[in-house]
Amino acid sequence: MNIINFPGIIIKKISSRMLDSLVDSLFQFDDQPLLPSQKNFVPVEEIGGPVEVSCDEGRIPIDFPEGVYIRNGSNPLFGGLKSTKSFLGRSSHIWVEGEGMLHAIYFRKDPINGDWTVSYKNKYVETKTFKQETERNRPGFLPAVEGDSPSVLASHFLNLLRFGMINKLLSNTNIFEHSGKLYAVSENHLPQEIDVLTLQTRGEWDVNGAWMRPFTSHPKKAPGSGELVIMGVEAIKPFFEVGVISADGDRMVHKVDLKLSRSPLIHEIGITQKYNIIMDYPLLLSIKRLMNGGPLMKYDNEGYARIGVMPRYGDADSVKWFDVKTQCTLHIINCFEDGNKVVVRGCRAETAVLPGPERGERKHEWFSRGFKNMELLNGGEKVDDSSQMDGMFFTRAYEWRLNMETGGVEERYLSGTDFSIDFPMVNPRFTGLKHKYAYAQVIDSLASSISGNMKYGGLAKLHFEEANNNNNGLIKMEILKFGEGTFCSGSTFISKGGGDHIDEDDGWIVCFVHNELTDLSQVHIYDAQNMDSEPISRIALPQRVPYGFHGAFFSIPN
């Protein structure tokens, strides 16, 4: 140890202990209550492993690719999401917070006899803040998004003093690959590189120091070039930046501030062959609003929405903006160019499911109203002011056709009010290109309304070039419903090999599935061309897998 630095180290430790004592004396941590209907949102422990598993029913297809299917999701430390209370009021974690945990299924095939070996492993994403809290062995970070403004402001300040950042680094939303490397990510920080074989966290990816801000949960590989298109949102200026990373992942090819006048919490960027697509909707972060006593994050139902079409390497002045009806589209299905038009397809709702009710009050009631089935509400009368929330989270497939010459916009629903869908996916070979099909998870509106949490009770296949049978201008959708009390997460499309002559929908849908009646979890594999009621295989898992967010399939290097 350098003797010159020794006094400074002592002072720092004393200061840290004093701050900890201050926080412990002012703030009391509580577990957020969970209903019986929310039992599969409870976190699990790391299993160790990997543990070999087998098919309960069916078999792994002979032409299924070798690789690993990984799903990310929230798995909060110390028993679950927390709230705090103090003389300043309350603050709470919102439902998307919680440390990231990866759940992985490895598929290996014997090259001689063709037999499959399948194994399961789970592991936390070990961010800096994960290590800080596990070393303390108790909650440390104060919830800093939802609650009473004085408490949230104090949480920001005290977290910054104690840990050097205002909130935890979650890395709990998605997992993606670039240039042969895997990354776990959520949009409040940089991606974490993950070892594909061990799920060990290797450290943050800042593109050799070129990107030092939040990173979208849904980066996109540009058709043809293989470059990675990203974005990052901050609550302080610059609010929104777009970046393009080289195909080899070593350098930032392009980075630009779009000079937005507000901070929209945009979850996903879109791409076409030539353009980047910006979904600017009024789910807004505002430090000024927080300091004036309002929430840090809020959806403005009266705010404007627009879509920006930006040349791949353009600047703020090159973006062509199209005003659209106010809405919230967290997830883009796909985008592509069609003559002089840019077509954007997404899962659109009337309002945002984030962050929750203002100050987190009557949270379960607020979410329960929002998840109600729109079909059942049609024609009904609103009985009080709060009923304006009824069915507002109902998410439908939607299309915007943006005319690059005239500036005109054509927008329409593609799906009806029978089923709410979200977490869309397409064949990755068609990202940014014209496509015939997409897939999505089907929200069980009744189960979601009862629990106050999103539950996905089936899968949908969208046929964009076929009309439905009702002749009402909507597209054909195939719906696959799971059994009673059974829900999925992390669904992904896996394309068959063989090059461009393979049909767009020739492949499989893979997802984690949990049966709440038996409390057993499985992985299901479905034939994407034949979405009947039965999966090709059901793979039994050695422990319960909580509901999570996005998943993907990756090859394993030899």
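Scanning segment 280-293 for residues that are part of a loop (DSSP other than H, G, I, E, B) and either basic (Lys, Arg) or surrounded by 15 or more Cβ atoms within 10 Å (Cβ to Cβ) (or both) gives Tyr281, Pro282, Ser286. Which pairs do you get when a residue that is charged (D, E, K, R), found in segment 244-256, comes within reach of a residue that is open to solvent by less than 40 Å² (accessible area, probe 1.4 Å) and not in a loop (DSSP other than H, G, I, E, B), reach meaning Cβ atoms under 8 angstrom, with the pair 6+ apart or on two chains? Matching pairs, first to second residue: Arg251/Ile245; Lys255/Glu241; Lys255/Val242; Lys255/Gly243; Lys255/Val244. Summed over segment 302-320, the residues that are within 22 Å of the chain's Cα centre (by Cα) and either open to solvent by 20 Å² or more (accessible area, probe 1.4 Å) or over 23 Å from Arg401 (Cα atoms) (or both) give a count of 1. Where strands (runs of 3 or more DSSP E) fall wholly inside segment 460-549, the ranges with 3 or more residues that are on the phi < 0 side of the Ramachandran plot and open to solvent by 20 Å² or more (accessible area, probe 1.4 Å) are 475-481, 520-527.
The single condition from (1) open to solvent by 20 Å² or more (accessible area, probe 1.4 Å); (2) over 20 Å from the mean Cα position of the chain (by Cα) that Asn167 fails is (2). Residue count for segment 136-147, restricted to those that are at pLDDT 95 or above and more than 24 Å from the chain's Cα centre (by Cα): 0. Taken over segment 405-427, residues that are more than 18 Å from Cys328 (Cα to Cα) and at pLDDT below 95 amount to 1. Screening segment 179-235 for residues that are of a type in the set (Lys, Arg) and more than 17 Å from Met165 (Cα to Cα) and picking the one that is surrounded by the most Cβ atoms within 10 Å (Cβ to Cβ) gives Lys220.
May I ask you to list the residues in segment 333-348 that are under 23 Å from the mean Cα position of the chain (by Cα) and either surrounded by fewer than 23 Cβ atoms within 10 Å (Cβ to Cβ) or hydroxyl-bearing (Ser, Thr, Tyr) (or both)? Phe336, Val343, listed by residue number. Of the set (1) in contact with a Cys (Cβ under 6 Å, 6 or more places away or on another chain); (2) farther than 28 Å from Gln522 by Cβ, all apply to Cys488 but (2).
Out of all the residues in segment 296-326, which are without any contact (Cβ under 8 Å) to a residue 60 or more places away in the chain and assigned to a loop (DSSP other than H, G, I, E, B)? Steps first, answer last, please.
Here is the first cut: in segment 296-326, the residues without any contact (Cβ under 8 Å) to a residue 60 or more places away in the chain are 299-306, 308, 311, 314-315, 317-318, 321, 326.
The answer is Asp300, Asn301, Glu302, Gly303, Tyr304, Gly314, Asp315, Thr326.
I'd like the full set of residues that are at negative phi and of a type in the set (Val, Ile, Thr), limited to segment 175-210. Ile175, Val185, Ile194, Val196, Thr198, Thr201, listed by residue number. Where strands (runs of 3 or more DSSP E) fall entirely within segment 55-111, those with at least 3 residues that are under 24 Å from Ala540 (Cα atoms) and either among the β-branched types (Val, Ile, Thr) or out of contact with any Lys or Arg (no Cβ under 8 Å at 6 or more places or on another chain) (or both) are at 67-71, 101-109. Where residues in segment 321-332 are out of contact with any His (no Cβ under 9 Å at 6 or more places or on another chain) and open to solvent by 10 Å² or more (accessible area, probe 1.4 Å), which of them is nearest to His550 (Cα to Cα)? Across segment 321-332, the extreme among qualifying residues is Thr326. Please enumerate the residues belonging to segment 236-278 that are hydroxyl-bearing (Ser, Thr, Tyr), open to solvent by 30 Å² or more (accessible area, probe 1.4 Å) and more than 15 Å from Arg306 (Cα to Cα). Selection gives Tyr275 alone.
Conditions tested, residue by residue: (1) surrounded by fewer than 22 Cβ atoms within 10 Å (Cβ to Cβ); (2) without any contact (Cβ under 8 Å) to a residue 60 or more places away in the chain; (3) farther than 21 Å from Asn40 by Cβ.
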{"site": "Gly80", "(1), (2), (3)": "yes, yes, no"}
{"site": "Ser86", "(1), (2), (3)": "yes, no, yes"}
{"site": "Gly98", "(1), (2), (3)": "no, no, no"}
{"site": "Met101", "(1), (2), (3)": "no, no, no"}
{"site": "Ala104", "(1), (2), (3)": "no, no, no"}
{"site": "Asp110", "(1), (2), (3)": "yes, yes, yes"}
{"site": "Thr117", "(1), (2), (3)": "yes, no, yes"}
{"site": "Leu142", "(1), (2), (3)": "no, no, yes"}
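Scanning segment 354-366 for residues that are at pLDDT 90 or above, in a helix (DSSP H, G or I) and within 19 Å of Leu296 (Cβ to Cβ) yields one hit, Trp366. When residues in segment 500-558 are screened for being basic (Lys, Arg) and either modelled with pLDDT under 95 or under 22 Å from the mean Cα position of the chain (by Cα) (or both), 1 of them pass.
The values are calculated or read from the model by the stated rules, or taken from the named source; none is laboratory data. Here the structure is a predicted model, which means the values were calculated and not measured. Heads up, the Cβs are rebuilt from the backbone with ideal geometry, glycines too, and the neighbour counts pull from every protein chain shown. In case anyone asks, the SASA skips ligands and DNA or RNA and just uses the protein heavy atoms, side chains included. Shrake-Rupley method; radii C 1.70, N 1.55, O 1.52, S 1.80 Å.
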